[in-house]
Protein chains: 2
Amino acid sequence: MKKSEFSFIGDIATMFGPLAHHGFEPIGDDCTVLDMGDDALVMTTDMLVEDVHFLRSASSAEEVGRKSLMVNLSDVAAMGARPIASLLSIALPEDAQGQWSEGFMRGYYEASHETGVALVGGDTTASRDRISINVVAIGRAPKHNIKRRSAAEAGDVICVTGKLGTSSKGLVDIMFGDLNTAAARHHRVAQARIAEGTWLGARPEVHAMMDISDGIASDILHIMELSGVGADIELSAIPTDYDIRFATTGGEDYELLLTVAAESYPTVAEALLKATGTTLTAIGRTTQSGELRWMQDGTPTDVDLKGFTHF
Amino acid sequence: MKKSEFSFIGDIATMFGPLAHHGFEPIGDDCTVLDMGDDALVMTTDMLVEDVHFLRSASSAEEVGRKSLMVNLSDVAAMGARPIASLLSIALPEDAQGQWSEGFMRGYYEASHETGVALVGGDTTASRDRISINVVAIGRAPKHNIKRRSAAEAGDVICVTGKLGTSSKGLVDIMFGDLNTAAARHHRVAQARIAEGTWLGARPEVHAMMDISDGIASDILHIMELSGVGADIELSAIPTDYDIRFATTGGEDYELLLTVAAESYPTVAEALLKATGTTLTAIGRTTQSGELRWMQDGTPTDVDLKGFTHF
């Protein structure tokens, strides 16, 4: 359970904290982790609601189906685990029970097939007017591969996979009616960094890892808080084709944000590129201060960047 | 994933069947089952939508919170497993983000505390107008304790725990404005048969088991189909305080429906009563015919009983 959404999430963690955990780790990361012996099982869940997370007029049913699964697989991969299965619940109003639901399932199936993820359970029901979708993704990894937000060390290199800001630039394009720009297509066809997350999970030099769903300006705060570190981020180093505001505060990139032991960054980046074809870019350093500082060419700069909020 | 709700569920099972299962059993029971070595993990999910599954005017927020968890714990217990954890997703319109959501969480917490179930993850988000809730329940048991709908054998005694029909009688009372009859209170305060399910799971004489969510007239068909057996059910034997239609086609009883090796029924029933205080009543026999026959004092009778449908 991410702590970003409602203020009462904090109260929930306090309320339920004293209950027996039965081998599960406490709430706080992309996924919950269950100790299975040599392996760990990770689980995450995400709810998508029509007219909050998607519009039937702007996204095809196939795209919504694909994205519903991919955003959850992204959370699993960000733990360093391989996604293996999903559970899907869907509430459909009458006007979505035919063509729309079939398109949705095609998109969901394509993403499942592409990533080798089984559909192992779920629920379908009616709703009065709007579509609600809930997906649970389950992953598995050797226990020591699991990457937590709390594992960053001061002096680590902060890195990101791929390029940032494309998805939020695409969302703006779509809002202006440009549905077929490269960025708009990227936004509509969500892609989780599964091969990269699984590969990075197996590298002990990688310390903390999470996926970028709300923009690094907001997401880095979770690593800072749970690891007790600060962060200096160099704006000019952030890999993007668009405005820096998209790249820092734009949501839904589903790239990975991670910290790597400084001396190992060059070899990890080179080996990741070779293994997956994906670039790993250094954008800053974790520090001993508790502060987040934005740097421009090595000098702290006074910008106010906030993360993306869904509502 | 239960097969009752939409016709396209069958298509989904066919579509996803060929994908690798990664140790999960195929769709078809109350819960999906993951082999963990000596133990099995079971998982189930259920979505509740405002104005389809509950009305804010008829149920308190606490009752909805409690019921959201209990209906899922019932599915776990019906597999013979002990519920250990849950994941909760909730989409809240603005007018439910204060008092209602806090009442909901109190009810959810009370049910969690009472049953020793941890809350290990979830998602909270906004919705435009109606509340959507999705709960995942996770259980664990020694692998050989897991009870499946497919395990009934011809000649088994068909049994149910407790009494049937109370919840649907209560729903009718509520619809007529009688919110405080014994049946109405029973309907509003859902109670899963957790101690009973876990206890019955450990008895090898118990063959098939499931929970009664749609009424035995509909639920017995799942055991018949998956086990390849028929069933003779004696109407006069069905334990109920109300009309036989409530007891056979009324939903949401959350009692257990099971089949037991005939020679072992008396000892199992006696031991269950001693261990949990709950009565196990024999209501019929599985047969080699594929048919469901309703009997009145041992003679087939011509009634047309259908299960409860949520919409």
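For segment B:52-73, give me each residue that is polar (S, T, N, Q) and within 14 Å of another protein chain (Cβ to nearest Cβ).
Matches in segment B:52-73: B:Ser68, B:Asn72.
Are there any pairs, at least 6 apart or on different chains, whose C-beta atoms fall under 6 Å, with the first in segment B:124-136 and free of Cβ contacts under 8 Å to residues at least 40 places away in the same chain and the second buried (at least 24 other Cβ atoms within 10 Å of the Cβ), and if so, which?
B:Thr124/B:Ile90; B:Thr125/A:Met47; B:Thr125/B:Ala91; B:Ser127/A:Val49; B:Ser127/B:Ala91
Which of the residues belonging to segment A:90-105 are more than 9 Å from chain B (Cβ to nearest Cβ) and of a type in the set (D, E, K, R)?
Across segment A:90-105, the qualifying residues are A:Glu94, A:Asp95.
Of the residues B:Gly121, B:Gly116, which single one is touching a Ser or Thr at 6+ places or on another chain (Cβ under 8 Å) and either of a type in the set (Gly, Ala, Ser) or assigned by TED's automatic domain parsing to the domain that holds B:Glu234 (or both)?
Values: B:Gly116 fails: touching a Ser or Thr at 6+ places or on another chain (Cβ under 8 Å).
Being touching a Ser or Thr at 6+ places or on another chain (Cβ under 8 Å) and either of a type in the set (Gly, Ala, Ser) or assigned by TED's automatic domain parsing to the domain that holds B:Glu234 (or both) holds for just one of B:Gly121, B:Gly116, which is B:Gly121.
Looking only at segment B:255-311, how many residues end up being within 27 Å of B:Asn72 (Cα to Cα), in contact with a Phe, Trp or Tyr (Cβ under 8 Å, 6 or more places away or on another chain) and at pLDDT below 95?
Selection size over segment B:255-311: 1.
Would you mind telling me which numbered condition in (1) farther than 16 Å from B:Ile158 by Cβ; (2) surrounded by 14 or more Cβ atoms within 10 Å (Cβ to Cβ); (3) out of contact with any helix residue (DSSP H, G or I) (no Cβ under 8 Å at 6 or more places or on another chain) B:Thr299 fails?
(2)
Run down A:Ala247, A:Ala271, A:Ala282, A:Ala275 and say which single residue is in the same structural domain as A:Leu164 (by TED's automatic domain parsing), of a type in the set (A, V, I, L, M, F, W, C) and under 20 Å from A:Gly155 (Cβ atoms). Steps first, answer last, please.
Values: A:Ala247 fails: under 20 Å from A:Gly155 (Cβ atoms); A:Ala271 fails: under 20 Å from A:Gly155 (Cβ atoms); A:Ala275 fails: under 20 Å from A:Gly155 (Cβ atoms).
Result: A:Ala282 is the single residue among A:Ala247, A:Ala271, A:Ala282, A:Ala275 that is in the same structural domain as A:Leu164 (by TED's automatic domain parsing), of a type in the set (A, V, I, L, M, F, W, C) and under 20 Å from A:Gly155 (Cβ atoms).
Given (1) outside any helix (DSSP H, G or I); (2) over 18 Å from A:Arg188 (Cα atoms), where does A:Ala58 come up short, assuming only one miss?
A:Ala58 satisfies all of (1) outside any helix (DSSP H, G or I); (2) over 18 Å from A:Arg188 (Cα atoms) except (2).
B:Arg140 is checked against (1) of a type in the set (D, E, K, R); (2) assigned by TED's automatic domain parsing to the domain that holds B:Gly23; (3) under 20 Å from B:Leu48 (Cβ atoms) and fails just one. What number does that condition carry?
In the conditions (1) of a type in the set (D, E, K, R); (2) assigned by TED's automatic domain parsing to the domain that holds B:Gly23; (3) under 20 Å from B:Leu48 (Cβ atoms), B:Arg140 misses (3) alone.
Give segment B:253-285 a look and list any residue that's surrounded by fewer than 23 Cβ atoms within 10 Å (Cβ to Cβ), charged (D, E, K, R) and not in a strand (DSSP E or B), or say none.
Of everything in segment B:253-285, those that are surrounded by fewer than 23 Cβ atoms within 10 Å (Cβ to Cβ), charged (D, E, K, R) and not in a strand (DSSP E or B) turn out to be B:Glu263, B:Glu270, B:Lys274.
Could you list, in sequence order, the residues of segment B:166-181 that are farther than 22 Å from B:Asp51 by Cβ, surrounded by fewer than 20 Cβ atoms within 10 Å (Cβ to Cβ) and touching a helix residue (DSSP H, G or I) at 6+ places or on another chain (Cβ under 8 Å)?
Answer for segment B:166-181, where residues must be farther than 22 Å from B:Asp51 by Cβ, surrounded by fewer than 20 Cβ atoms within 10 Å (Cβ to Cβ) and touching a helix residue (DSSP H, G or I) at 6+ places or on another chain (Cβ under 8 Å): just B:Thr181.
Being in contact with a helix residue (DSSP H, G or I) (Cβ under 9 Å, 6 or more places away or on another chain) and either modelled with pLDDT under 95 or surrounded by fewer than 19 Cβ atoms within 10 Å (Cβ to Cβ) (or both) is the requirement here; does B:Ala96 meet it? Steps first, please.
Values: in contact with a helix residue (DSSP H, G or I) (Cβ under 9 Å, 6 or more places away or on another chain): yes; either modelled with pLDDT under 95 or surrounded by fewer than 19 Cβ atoms within 10 Å (Cβ to Cβ) (or both): yes.
Judged against the criteria, B:Ala96 is a match.
Test of understanding: among A:Val64, A:Val33, A:Val52, which residue is part of a loop (DSSP other than H, G, I, E, B) and at pLDDT 90 or above? So that I can check it myself, show each step before the final result.
On the way: A:Val64 fails: part of a loop (DSSP other than H, G, I, E, B); A:Val33 fails: part of a loop (DSSP other than H, G, I, E, B).
It is A:Val52.
List every residue pair whose Cβ atoms lie under 9 Å apart, where the two residues are 6 or more positions apart in sequence or sit on different chains, the first residue falls within segment B:54-74 and is more than 15 Å from B:His113 (Cα to Cα) and in the same structural domain as B:Ala111 (by TED's automatic domain parsing), and the second residue, located anywhere, is in a loop (DSSP other than H, G, I, E, B) and aromatic (Phe, Trp, Tyr).
The qualifying pairs are B:Val71/B:Tyr254; B:Ser74/B:Tyr254.
Answer yes if at least one residue in segment B:219-226 is on the phi > 0 side of the Ramachandran plot, outside the structural domain of B:His53 (by TED's automatic domain parsing) and surrounded by 22 or more Cβ atoms within 10 Å (Cβ to Cβ), and no otherwise. Can you show your working first?
We begin by selecting, within segment B:219-226, every residue on the phi > 0 side of the Ramachandran plot; these are none.
No; the residues of segment B:219-226 include none that is on the phi > 0 side of the Ramachandran plot, outside the structural domain of B:His53 (by TED's automatic domain parsing) and surrounded by 22 or more Cβ atoms within 10 Å (Cβ to Cβ).
Could you list all residues from segment A:78-102 that are closer than 21 Å to A:Ala202 by Cβ and free of Cβ contacts under 8 Å to residues at least 60 places away in the same chain?
Here is the first cut: in segment A:78-102, the ones closer than 21 Å to A:Ala202 by Cβ are A:78-85.
Scanning segment A:78-102 gives A:Ile84, A:Ala85.
For segment A:125-151, which residues satisfy the criterion of being buried (at least 23 other Cβ atoms within 10 Å of the Cβ) and within 7 Å of chain B (Cβ to nearest Cβ)?
Result: A:Ser127, A:Ser132, A:Asn134, A:Val136.
Could you tell me whether any residue of segment A:198-213 is under 16 Å from A:Asn145 (Cβ atoms) and among the hydroxyl-bearing types (Ser, Thr, Tyr)?
yes
Can you name the condition, by its number, that B:Gly290 falls short on among (1) part of a loop (DSSP other than H, G, I, E, B); (2) more than 18 Å from the chain's Cα centre (by Cα); (3) within 22 Å of B:Ile146 (Cα to Cα)?
The single condition B:Gly290 does not satisfy is (3).
Exactly one of these conditions fails for B:Val71: (1) within 20 Å of the chain's Cα centre (by Cα); (2) in a helix (DSSP H, G or I); (3) surrounded by 24 or more Cβ atoms within 10 Å (Cβ to Cβ). Give me its number.
(3)
I want to confirm something. Restricting to segment B:205-218 and keeping residues that are closer than 17 Å to B:Ile238 by Cβ and out of contact with any Asp or Glu (no Cβ under 8 Å at 6 or more places or on another chain), which single residue is modelled with the lowest pLDDT? If you could, list the steps in order and put the result at the bottom.
Narrowing segment B:205-218 to residues closer than 17 Å to B:Ile238 by Cβ: B:210-218.
Pick out the ones that are also out of contact with any Asp or Glu (no Cβ under 8 Å at 6 or more places or on another chain) and you get B:214, B:216-218.
On the way: B:Asp214: 90, B:Ile216: 95, B:Ala217: 94, B:Ser218: 93.
Applying the filter and picking the extreme gives B:Asp214.
I'd like to verify a number: residues in segment A:293-306 that are in a loop (DSSP other than H, G, I, E, B) and under 22 Å from A:Glu263 (Cβ atoms), how many? Full working, then the answer.
Filtering segment A:293-306 for residues in a loop (DSSP other than H, G, I, E, B) gives A:297-298, A:301-306.
Retained after the next criterion (residues that are under 22 Å from A:Glu263 (Cβ atoms)): A:298.
Of the residues in that region, 1 qualify.
Of everything in segment B:9-28, what is buried (at least 16 other Cβ atoms within 10 Å of the Cβ), at pLDDT below 80 and in contact with a helix residue (DSSP H, G or I) (Cβ under 9 Å, 6 or more places away or on another chain)? Give them in sequence order. Spell out the reasoning first.
Here is the first cut: in segment B:9-28, the residues buried (at least 16 other Cβ atoms within 10 Å of the Cβ) are B:9, B:12, B:15-16, B:19, B:21-25, B:27-28.
Right, trim to at pLDDT below 80 and you get B:9, B:27-28.
Once the filter is applied, which keeps residues that are buried (at least 16 other Cβ atoms within 10 Å of the Cβ), at pLDDT below 80 and in contact with a helix residue (DSSP H, G or I) (Cβ under 9 Å, 6 or more places away or on another chain), segment B:9-28 yields B:Ile27, B:Gly28.
Determine whether A:Gly277 is closer than 18 Å to A:Met210 by Cβ and not basic (Lys, Arg).
On the way: closer than 18 Å to A:Met210 by Cβ: no; not basic (Lys, Arg): yes.
For A:Gly277, the condition - closer than 18 Å to A:Met210 by Cβ and not basic (Lys, Arg) - is not met.
The values are calculated or read from the model by the stated rules, or taken from the named source; none is laboratory data. For clarity, every value in this text was computed on a predicted model and none was experimentally measured. Cβ: placed from backbone, ideal geometry, glycine included. Neighbour counts: every protein chain shown.
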